[in-house]
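Colleague: Got a structure for you, questions after.
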Amino acid sequence: DDNTSLPNVQPSFHLEILTDDPTSTPGSRGAIVIKNNELGFCHDNVEAICSVGKTTKALGKGYIGEKGIGFKSVFKVSPCPYIFSNGYSFKLPGPELEQEAGLGYVVPYWVDMPPIPVAQDMTTIILPLFADKYEGVARDLAELRDIRPELLLFLRNLYQLEIRLPGQQPRLITKKTQQAFGDTRLVTLTDSLNPGQHGSYWVHKSAFTRPDVAYSEKRKDVTGTEVSIALRLEGAESDVCVFAFLPTQHSANLPFLVNADFLLTASRESIDEGQSKWNKWILDCVADSFVA
């Protein structure tokens, strides 16, 4: 969602689990392959992804990530990620394989030949998995089969999501915006698992100016925010979670979907209760957005 989309191209994201590691990385078993058709890496992106605590995302611009550590979490399951994007072709040996780098930096190594076919107009990331991590990662990612199409409602760029798991048919989720009326859109979602079914939503976005009482150090340069409400045309929602662009583990207990820039914990799964001033203000905005 934080990528820069190509003009006249419908942004899509493809995730696949392979039972074999195409990179033949020592100590690995299987791999995750991620592809998406975005603008691609520039020099600053390469610098940022190799550093710790550095990011090319400007705070206050509505990006999902903000800590500069998100990508580094892959080293918990992958000994050597591979990245192919916009002419860049390199791998990042993690601490298990690389002892030359100084603390806080990962050294990129150029890769002459990608281990799998790579399209020039796509960013491709290959994550060979530690042998003892494969079963757990594959089991966790299998839960993506149960992901709800509503995931795409509040992502600004992504229109199509494809998931491929070993031994299963690929699952394709598509978001289509049919009509727009000012700050309100009519959005239809389709899912290959249920080709005869679809969901249509009125999605309304409201803008709010931050009051002084809602100041947070994590949003110190942010002077306003946007809150989105999604009303299902086919009936009220059930088992609704709160969205902060991506779904959280918090239940909204409301018959409609809510998306807002809540401050979250580092795992991004829960709302940060220590940021009560900002998050309480966001909750107040939800009511006004629903009325609008």
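Colleague: If we count trypsin sites (Lys or Arg not before Pro) as exposed when they sit in a DSSP loop and have at most 13 other beta carbons within 10 Å, what is the longest stretch of the chain that avoids them all?
Modeller: Between the exposed loop sites, the longest stretch runs 68-155.
Colleague: List every residue whose amide H lies under 5 Å from the amide H of F256, counting only residues 5 or more places away in sequence or on a different chain, with H placed 1.01 Å from N in the peptide plane.
Modeller: Placed amide hydrogens put E237 under 5 Å from F256.
Colleague: For region 206-292, what class follows from the C-alpha gyration tensor (a ≥ b ≥ c being the square roots of its eigenvalues): rounded when a/c is under 1.5, otherwise prolate if a/b is larger than b/c, else oblate? Write out the running numbers ahead of the final one.
Modeller: On the way: a/c = 2.43, a/b = 1.41, b/c = 1.72.
Oblate shape, in that a/c is at least 1.5 and b/c is the bigger or equal ratio.
Colleague: Using a 1.4 angstrom probe with every protein chain in place, what is the largest-first accessible-area order of E47, E135, E150?
Modeller: Output order, biggest surface exposure first: E135, E47, E150.
Colleague: What do you get for chymotrypsin sites (Phe, Trp or Tyr not before Pro) in region 146-244 restricted to DSSP loop and a cutoff of at most 15 other Cβ within 10 Å of the site's Cβ?
Modeller: Numbers: sites: F154, Y159, F181, Y201, W202, F208, Y215, F243; in loops: F154, Y159, Y215.
Here the sparse-neighbourhood loop sites are Y215.
Colleague: Order the following by accessible area, largest value first: D44, D2. Probe radius 1.4 Å; ligands, DNA and RNA are ignored.
Modeller: Largest accessible area first, the residues go D44, D2.
Colleague: Another question about this same structure. Starting at the first residue of region 127-133, write each ³J(HN,Hα) from the Karplus equation 6.51 cos²θ - 1.76 cosθ + 1.60 with θ = phi - 60°, in whole Hz, x for Gly and Pro.
Modeller: So the J values, rounded to whole Hz, are 10, x, 9, 4, 4, 7, 9.
Colleague: Can you pick out the pairs among K76/K218; K205/K277; K176/K218; K35/K280 whose Cα atoms lie more than 30 Å from each other?
Modeller: Exceeds cut-off: K176/K218; K35/K280.
Colleague: Once the whole set of protein chains is in place, how much accessible area is left on I163, using a 1.4 Å probe, in Å² to the nearest 10?
Modeller: 0 Å²
Colleague: Give me the dipole magnitude in Debye, nearest 20, for the chain about the Cα centre, with unit charges on the beta carbon: positive for Lys and Arg, negative for Asp and Glu. Let's see the in-between values first.
Modeller: On the way: 28 positive and 36 negative charges, 68 e Å.
So the magnitude is around 320 debye.
Colleague: Counting other C-beta atoms within 10 Å, and keeping those with at most 16, which DSSP coil GluC sites (Glu not before Pro) do you find in region 156-247?
Modeller: E234
The values are calculated or read from the model by the stated rules, or taken from the named source; none is laboratory data. Treat the numbers as computed from the prediction; the structure is a model and nothing was measured. Please note: Cβ atoms are built from the backbone with ideal geometry, for glycine as well, and neighbour counts cover all protein chains shown. Ligands, DNA and RNA are excluded from the accessible area calculation, which covers all protein heavy atoms including side chains. Shrake-Rupley method; radii C 1.70, N 1.55, O 1.52, S 1.80 Å.
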